[in-house]
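Quick note: the coordinates plus some simple rules give every number you see, no bench work behind them. All values reported here derive from a predicted model rather than from experimental measurement. For neighbour counting, all protein chains shown are included, and Cβ atoms are generated from backbone atoms with ideal geometry for every residue, glycine included.
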Amino acid sequence: MLLQQIVNGLALGAVYALIALGYTMVYGVLELINFAHGEIYMIGAYLGILLLTFFTAVGLTQHHLVLSLFLVFVGAALYCAGYGLTLERVAYRPLRHANRLSPLISAIGMSIFLQNYVMLAQGSTDKVFPHLLPSEPVAVLGVPISLLQIFIILTSIFLMIGLSLFVKKTRLGKAMRATAQDKRMAGLVGIDINKVIAITFVIGSILASAAGVMVAIYYGLVNFFIGYVAGIKAFTAAVLGGIGNIPGAMAGGFILGLVESLGAGYLSSEYKDVFAFLILIVVLILRPSGLLGEKASEKV
Amino acid sequence: MTLLETENVSKVFGGLTALDRVAIAVEEGKIVSLIGPNGAGKTTFFNCVTGVYAPDRGRITFRARPMIGRAPHEITRQGIARTFQSIRLFAEMTALENVMVGAHAQSRAGILGALLRSGWVLEEERTLASKAFQLLEFVGLTDRAEVWARHLSYGEQRRLEIARALASDPVLLLLDEPAAGMNPRETEDLMRLIRRIREQGVTILLIEHDMKVVMGISDRVVVLNHGEKIAEGSPVEIQRDPRVIEAYLGTT
């Protein structure tokens, strides 16, 4: 039971962490909470189901499961990257120098807009898809874990390692960190700030799309509203880890997933959201800058 | 050859005229100092040249190209780099990373390359790192390469700022009070460093309050007071100029 809940928590946490990264990275460079980020994840989940349905209809998933999964991830990533890019260009860049509240309201507006747009385009009922990978747990070293959970955890860890290397090692990653620390100075050393911000949105959207696709495969079900709850949870994870801090978002996501899963398993599954937010409140009281955050964040 | 030329540059903040029709020409290969009492408009002038502020009037040309209206990163790519009066390093990056970021205007790997981490990008990162390391050596910070910028001493931070500015391969380097807060020995080292930078073919425009530095290394000195240029000449001429003495000491 305990191990089972831990595995469930890690899989859930991996998804939260991937979405939380988008919140934290955008906050890092813009000091903006991109409230529409959860909707990007939701669109990624829709695309996962739509593409899988299509690939199944043409017979690709039956014969080439790995190839079709890969194509689903790439397709969703490209589509969501386009949405992220457009979102930044349309809803945030024109308000870059406006009063702090304006982009926040713009973000909430985009969130509502995207939810309703997807509802109109795809209908307000759940979209379902049969499970592709076996979801029954198999015992790995005595731990009951399903192939899907292994897939989700490993894919997430792979993406997070990729992101860490990118931010730490590449020229663009350094430009991103420099922009987050001092935007004006970054411009003065020759960094194109607009490009860095756009790329930050693209990367965050790609990570969210991967989370969306995995959730779509995991539950075999999406609706237009899943981005709202997941977005709030992931935002909580980002704040828990220290908003603006990349390892913090990863840690926050996993902690939140574990707390929810253990709380649901041992106390009450109806109160699992309460545990998540209780943890957040405790952390904010004891450590307002989050678990790994260094600077006190006056801007949240 | 004139490298940087400004004509009639004016900048007003509210009711305060920070710059009033300033005309300055900087010849290639020279060390030019910009001096004047506090609030004379020296840093505002730097901000106009580097694109941080847009002047209200006037023209700024660099290598015969107009600079006004360009974004700071574009001006950096044209070959102007600067340091700051109040140090502005990327505090939570290592000394080496700071210099590598400074070389940003130079490296050319595109978005896709950086995302895919192709061999070519890795190659470029290595070249960049070794170039950055050479610059740290040039300013004498090799043993501090892996230290976070915020953990460096004050004098080291000043030198790191210079190394970062040099990383963009500038033609013109603007130094804003590089000797501020330095002890006499560090100041001596700094003067040697500035001369060595010039020997590498970089033209230098310098804001400085330390008259020993100004008179010791400048080929030309320009004096601003209340946003206006009141004198220009060799260090010896400036030291004898009654208007300059008046600006600094007041009338008797």
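Report the semi-axes of the equivalent ellipsoid for the stretch A:1-132 in whole Å, largest first, where each axis is √(5λ) for an eigenvalue λ of the Cα gyration tensor.
Calculated on Cα positions only, the semi-axes equal 30, 20, 14 Å.
Distance between the C-alpha centers of the stretch A:174-237 and the stretch B:9-53? Whole Å please.
Measuring centre to centre over Cα atoms gives 40 Å.
Figure the gain on full extension for B:Arg150 and B:Arg240 (residue separation times 0.36 nm, minus the Cα-Cα span) and round it to one decimal in nm.
28.2 nm
Across 5 Å bins from the origin, how do the percents of Cα pairs in the stretch A:91-168 run, short distances first?
3, 11, 10, 9, 8, 16, 18, 11, 7, 4, 2, 0
Simple spin-label model, 7 Å along Cα-to-Cβ: A:Ile105 to B:Arg63 in nm?
It works out to 4.6 nm between the two label points.
Return the calculated 222 nm mean residue ellipticity for chain B, to the nearest 500 deg cm²/dmol, obtained by summing -39500 (n - 2.57) across DSSP H runs with n ≥ 4 and dividing by the residue count.
-11500 deg cm²/dmol
Average partner chain C-beta neighbours within 10 Å, per residue of A:160-166?
The shielding value for this peptide is 1.
Once amide H atoms are placed 1.01 Å from N in the peptide plane, what residues at a sequence separation of 5 or more from B:Glu177, or on another chain, have their amide H within under 5 Å of its amide H?
It is B:Ile207, B:Glu208, by chain and number.
Check cross-link reach from B:Lys212 to the aspartates and glutamates: straight Cα distance under 18 Å, and skip same-chain residues fewer than eight apart.
B:Asp176, B:Glu177, B:Glu186, B:Glu188, B:Asp189, B:Glu232, B:Glu237, B:Asp241
Rg/Rh for the protein assembly as shown to two decimals, with Rh computed the Kirkwood way over all alpha-carbon pairs.
1.08
Grab the beta carbon distance between A:Ile112 and A:Val138, set R0 = 41 Å, and tell me the FRET efficiency rounded to 0.05.
0.45
Among the lysines in the stretch A:2-286, how many pairs, 8 or more places apart or on different chains, have alpha carbons under 30 Å apart?
Close lysine pairs found across the stretch A:2-286: 15.
Please work out the C-alpha center-to-center distance from the stretch B:131-165 to the stretch A:31-88 and express it in whole Å.
What the calculation gives is 45 Å, centre to centre.
Percent of Cα-Cα pairs more than 35 Å apart in chain B, please.
16 percent
If you wrap a convex hull around the alpha carbons of the stretch A:101-260, what volume per residue comes out, as a whole number of Å³?
143 Å³
So what are the ³J(HN,Hα) numbers for the stretch B:213-227, from phi and the Karplus equation (6.51, -1.76, 1.60; θ = phi - 60°), rounded to whole Hz, Gly and Pro as x?
5, 4, 6, x, 10, 7, 8, 9, 10, 10, 10, 10, 8, 6, x
Apply the Karplus curve 6.51 cos²θ - 1.76 cosθ + 1.60, θ = phi - 60°, to the phi angles in the stretch A:55-66 and return the couplings in whole Hz, x for Gly and Pro.
Along the stretch A:55-66, the couplings run 5, 6, 4, 8, x, 6, 5, 5, 9, 10, 5, 5 Hz.
Could you calculate the FRET efficiency of A:Gln4 with A:Val74 from 1/(1 + (r/R0)^6), where r is the beta carbon distance between them and R0 is 22 Å, rounded to 0.05?
0.10
Quickly estimate the mean residue ellipticity at 222 nm for chain A, helices only: each DSSP H run with n ≥ 4 gives -39500 (n - 2.57), and the total goes over all residues, rounded to 500.
-24500 deg cm²/dmol
In whole Hz, what ³J(HN,Hα) sequence does the stretch A:188-197 give by Karplus (6.51, -1.76, 1.60; θ = phi - 60°), x for Gly and Pro?
Karplus-based 3J(HN,Hα) across the stretch A:188-197 equals 6, 8, x, 8, 7, 4, 4, 5, 4, 5 Hz.
What aspartates and glutamates sit close enough to B:Lys11 to cross-link, taking a C-alpha to C-alpha distance under 13 Å and skipping anything fewer than 8 places away on the same chain?
Within reach: B:Asp20, B:Asp56, B:Glu228.
Roughly how many nanometres apart are two label points built 7 Å out from the Cα toward the Cβ at A:Val58 and B:Phe13?
6.1 nm
List every residue whose amide H lies under 5 Å from the amide H of B:Ala231, counting only residues 5 or more places away in sequence or on a different chain, with H placed 1.01 Å from N in the peptide plane.
The list, which skips near neighbours in sequence, is B:Val223.
Let me see the P(r) profile for the stretch A:1-43: every Cα-Cα distance counted, bins of 5 Å, each bin given as a percent of all pairs.
Computed distribution, short to long bins: 6, 21, 21, 18, 13, 10, 7, 3, 1.
Per-residue Cβ counts within 10 Å, from other chains only, averaged over B:78-90: what number is that?
Mean partner-chain Cβ count within 10 Å for B:78-90: 2.
What is the set of long-range amide H partners of B:Leu3 at a cut-off below 5 Å, with H atoms built 1.01 Å from backbone N?
Distant-sequence amide H within range of B:Leu3: B:Val26, B:Glu27, B:Glu28.
In whole Å and largest first, what semi-axes does the C-alpha gyration tensor of chain A yield when each eigenvalue is scaled by 5 and square-rooted?
Taking √(5λ) for each Cα gyration eigenvalue gives 30, 23, 18 Å.
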